[in-house]
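Participant: The following block contains the structure, expressed as C-alpha cells.
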Amino acid sequence: MFTLDQVVPWGRSFDEYRRMFSLTQADLDGRIVGCGDGPASFNAEATHRGCRVTSLDPLYKLKKSDVQDRIAATYDEMLEQARRNAEEFVWDSIQSVEDLGQLRLKAMHDFLEDYEQGLSDGRYVNAALPTVPFADGAFDLALCSHFLFLYSSQLGQAFHKSGLREMCRVATEVRVFPLLALGGKRSPFVDQCAEDLRRSGFDVTIETVPYDFQCGVIRCCASEPLKRMVNKAVQADRLCRQLHAHSSGRAGRTGRKEQHRHGDLGTGGRSGDHTLNEGR
C-alpha cells in the first residue's frame with residue numbers, strides 16, 4: 001500500500017540521467033518512458049528541450065503540496081545519512097554533501113514546478129512496475145533508474161523478470177541503472193534476468209557509462225533482433241557499467257551506498273530500513 005509517510009523524495013537531474021544511461025541526441029529525439037522516476041527533474045528538463053518523455057511512479061497520485069511537505073520533512077535526514085557515509089562516494093563532480101543536497105533540491109524544485117502541468121499533459125502517470133499501462137511498442141526507449149536490481153532483497157527474481165519483460169514490451173530498447181543491489185554488491189538477478197531475455201530473443205549487453213558518483217556501477221541493456229549476449233569490460237574503476245537489452249531495454253549501473261529509511265517502492269524512496277544507493 002502506497003502511503004505518504006513511506007515516501008522519501010530524492011530527485012536526480014537531466015544531466016545525471018544523460019550520464020547514467022549514456023543518452024545521445026538520437027535517444028532524446030525518440031519517445032522515452034521512465035519507470036520509477038519519482039521527483040527527478042529529467043521529465044521537466046527534457047520537455048523544456050522539446051523531448052517526448054512520460055514518467056511512471058506511484059508518487060504521482062499525490063498532490064504537489066503533499067510532495068513539498070514530504071521533501072521538507074525528510075531532506076535534513078537524507079543529508080545526515082550522506083554525511084555518515086561520505087567515504088562511500090566519489091566527491092569529484094559533486095564535491096561535498098552540501099553540494100549534493102543543493103543538486104537534489106534543485107532537481108526536486110524543477111520537478112515540482114512542472115508537476116501540475118505534467119499531470120495535466122499526461123507526462124506524469126500514477127503507475128508502477130511490474131505493470132506499464134501502455135500499448136506494445138509505444139516507446140523507443142524505456143529507462144529505470146535506481147529501482148530494478150537495487151532492491152533485490154525487497155523484490156524477488158520473478159518481479160524483476162516481469163518488470164523487465166514489461167518494459168521490453170512497450171519499448172524498442174530498455175536501459176536499467178544500476179545493476180547493484182543495496183549494500184553495493186552486484187544483484188543476484190542480473191545474470192538470470194539477462195539470460196531470460198536472451199532466451200526470449202533479446203540482445204543483452206553490459207556497458208560502461210560515464211557516471212562516477214558511486215562505485216561499482218553497471219548498466220544493462222536489452223534489444224530484440226540480435227539474439228546474442230555481449231559483455232563489455234569495465235574501462236576504469238570510476239566508470240559505471242549498464243546492462244543493455246534491445247527491442248527492449250537497458251539495465252543500469254550501481255553506486256555507493258548510504259543508509260536511510262526509504263519510502264514506497266518506485267518513488268526514489270523505498271519502504272523499510274536499508275542501505276540507499278545514492279545516484280538516482
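The values are calculated or read from the model by the stated rules, or taken from the named source; none is laboratory data. Every value quoted in this text rests on a predicted model; they were computed, and no experiment measured them. For neighbour counting, all protein chains shown are included, and Cβ atoms are generated from backbone atoms with ideal geometry for every residue, glycine included.
Participant: Hey, can you tell me all the residues within the stretch 180-189 that are of a type in the set (A, V, I, L, M, F, W, C), under 18 Å from residue 130 (Cβ atoms) and at pLDDT below 95?
Facilitator: Initial filter on the stretch 180-189 (of a type in the set (A, V, I, L, M, F, W, C)): 180-182, 189.
Okay, now just the ones that are also under 18 Å from residue 130 (Cβ atoms), so 181, 189.
Once the filter is applied, which keeps residues that are of a type in the set (A, V, I, L, M, F, W, C), under 18 Å from residue 130 (Cβ atoms) and at pLDDT below 95, the stretch 180-189 yields only 181.
Participant: Taking the stated definitions as given, is residue 24 free of Cβ contacts under 8 Å to residues at least 12 places away in the same chain and among the β-branched types (Val, Ile, Thr)? Can you show your working first?
Facilitator: Numbers: free of Cβ contacts under 8 Å to residues at least 12 places away in the same chain: yes; among the β-branched types (Val, Ile, Thr): yes.
Taking the combined requirement at face value, the residue satisfies it.
Participant: Moving to a separate point now. Inspect all residues belonging to the stretch 73-86 and state whether any of them is among the aliphatic types (A, V, I, L, M), modelled with pLDDT of 90 or more and out of contact with any Lys or Arg (no Cβ under 6 Å at 6 or more places or on another chain).
Facilitator: So in the stretch 73-86, the residues among the aliphatic types (A, V, I, L, M) come out as 73, 78-79, 82, 86.
Filter again for modelled with pLDDT of 90 or more, leaving 73.
Filter again for out of contact with any Lys or Arg (no Cβ under 6 Å at 6 or more places or on another chain), leaving 73.
Within the stretch 73-86 (the criterion being among the aliphatic types (A, V, I, L, M), modelled with pLDDT of 90 or more and out of contact with any Lys or Arg (no Cβ under 6 Å at 6 or more places or on another chain)), the answer is yes, since at least one residue qualifies.
Participant: Kindly provide the set of residues from the stretch 47-70 that are in a helix (DSSP H, G or I), over 21 Å from residue 131 (Cβ atoms) and touching a Gly at 6+ places or on another chain (Cβ under 9 Å), ordered by number. Explain how you work it out, then say what you get.
Facilitator: Within the stretch 47-70, the first condition is being in a helix (DSSP H, G or I), and the residues that meet it are 47-48, 58-61, 64-70.
Right, trim to over 21 Å from residue 131 (Cβ atoms) and you get 47-48, 64-70.
Correct list: 47, 70.
Participant: Any residue at all in the stretch 60-81 that is among the charged types (D, E, K, R) and under 15 Å from the mean Cα position of the chain (by Cα)?
Facilitator: Checking the stretch 60-81: not a single residue is among the charged types (D, E, K, R) and under 15 Å from the mean Cα position of the chain (by Cα).
Participant: Could you list, in sequence order, all residues of the stretch 161-186 that are out of contact with any Gly (no Cβ under 9 Å at 6 or more places or on another chain), more than 15 Å from residue 200 (Cα to Cα) and among the small types (Gly, Ala, Ser)?
Facilitator: 181, 183 - these are the residues of the stretch 161-186 that are out of contact with any Gly (no Cβ under 9 Å at 6 or more places or on another chain), more than 15 Å from residue 200 (Cα to Cα) and among the small types (Gly, Ala, Ser).
Participant: Shifting gears a bit: Within the stretch 171-184, which residues are closer than 21 Å to residue 23 by Cβ, buried (at least 22 other Cβ atoms within 10 Å of the Cβ) and not acidic (Asp, Glu)? Break it down into steps so the answer makes sense when it comes.
Facilitator: Going residue by residue through the stretch 171-184, those that are closer than 21 Å to residue 23 by Cβ are 171-180.
Adding the requirement that they be buried (at least 22 other Cβ atoms within 10 Å of the Cβ) leaves 171, 173-180.
Correct list: 171, 174, 175, 176, 177, 178, 179, 180.
Participant: Does residue 23 satisfy being in a loop (DSSP other than H, G, I, E, B) and not charged (D, E, K, R)? First the steps, then the outcome.
Facilitator: Details: in a loop (DSSP other than H, G, I, E, B): yes; not charged (D, E, K, R): yes.
Yes, satisfied.
Participant: Against the condition out of contact with any Asp or Glu (no Cβ under 6 Å at 6 or more places or on another chain), surrounded by fewer than 23 Cβ atoms within 10 Å (Cβ to Cβ), at pLDDT below 85 and farther than 22 Å from residue 20 by Cα, how does residue 210 come out, does it pass? Don't jump to the end; show me each part of the working.
Facilitator: On the way: out of contact with any Asp or Glu (no Cβ under 6 Å at 6 or more places or on another chain): yes; surrounded by fewer than 23 Cβ atoms within 10 Å (Cβ to Cβ): yes; at pLDDT below 85: yes; farther than 22 Å from residue 20 by Cα: no.
When the stated conditions are applied, residue 210 does not pass them.
Participant: Moving on to the next point. Of (1) hydroxyl-bearing (Ser, Thr, Tyr); (2) under 23 Å from residue 30 (Cα atoms); (3) surrounded by 24 or more Cβ atoms within 10 Å (Cβ to Cβ), residue 187 satisfies all except one. Which?
Facilitator: In the conditions (1) hydroxyl-bearing (Ser, Thr, Tyr); (2) under 23 Å from residue 30 (Cα atoms); (3) surrounded by 24 or more Cβ atoms within 10 Å (Cβ to Cβ), residue 187 misses (2) alone.
Participant: Next up: Based on this model, can you work out whether residue 104 counts as at pLDDT 95 or above, within 19 Å of the chain's Cα centre (by Cα) and of a type in the set (Lys, Arg)? Lay out the reasoning, then the answer.
Facilitator: Numbers: at pLDDT 95 or above: no; within 19 Å of the chain's Cα centre (by Cα): yes; of a type in the set (Lys, Arg): yes.
Here the answer is no, as residue 104 does not meet what is asked.
Participant: Moving on to the next point. Inspect all residues belonging to the stretch 73-95 and state whether any of them is free of Cβ contacts under 8 Å to residues at least 12 places away in the same chain and either under 21 Å from residue 27 (Cβ atoms) or crowded, with 18+ Cβ neighbours inside 10 Å (or both). I'd like the intermediate steps shown before the answer.
Facilitator: Narrowing the stretch 73-95 to residues free of Cβ contacts under 8 Å to residues at least 12 places away in the same chain: 73, 76, 80, 86-87, 91, 95.
Then drop every residue that is not either under 21 Å from residue 27 (Cβ atoms) or crowded, with 18+ Cβ neighbours inside 10 Å (or both), which leaves none.
No, because not a single residue in the stretch 73-95 is free of Cβ contacts under 8 Å to residues at least 12 places away in the same chain and either under 21 Å from residue 27 (Cβ atoms) or crowded, with 18+ Cβ neighbours inside 10 Å (or both).
Participant: Counting only residues that are closer than 30 Å to residue 48 by Cβ and in contact with a helix residue (DSSP H, G or I) (Cβ under 9 Å, 6 or more places away or on another chain), give me the strands (runs of 3 or more DSSP E) lying completely in the stretch 123-220 with at least 3 of them. So that I can check it myself, show each step before the final result.
Facilitator: Values: elements: 139-145, 171-177, 203-209.
Of the strands (runs of 3 or more DSSP E) lying wholly inside the stretch 123-220, those with at least 3 residues that are closer than 30 Å to residue 48 by Cβ and in contact with a helix residue (DSSP H, G or I) (Cβ under 9 Å, 6 or more places away or on another chain) span 139-145, 171-177.
Participant: Further question on the same structure: Scan 123, 104 and give me the residue that is touching a strand residue (DSSP E or B) at 6+ places or on another chain (Cβ under 6 Å) and either surrounded by fewer than 20 Cβ atoms within 10 Å (Cβ to Cβ) or of a type in the set (D, E, K, R) (or both). Talk me through it step by step, then tell me what you get.
Facilitator: Numbers: 104 fails: touching a strand residue (DSSP E or B) at 6+ places or on another chain (Cβ under 6 Å).
Going through 123, 104 in turn, the sole match is 123.
Participant: Pull up the stretch 49-65, narrow it to residues that are in contact (Cβ under 8 Å) with a residue 12 or more places away in the chain and more than 19 Å from residue 10 (Cα to Cα), then point me to the one that is surrounded by the most Cβ atoms within 10 Å (Cβ to Cβ).
Facilitator: 53
Participant: Let me ask another. Working only within the stretch 23-44, note down all residues that are surrounded by 21 or more Cβ atoms within 10 Å (Cβ to Cβ) and small (Gly, Ala, Ser).
Facilitator: Selection gives 34, 36, 38, 40, 41, 44.
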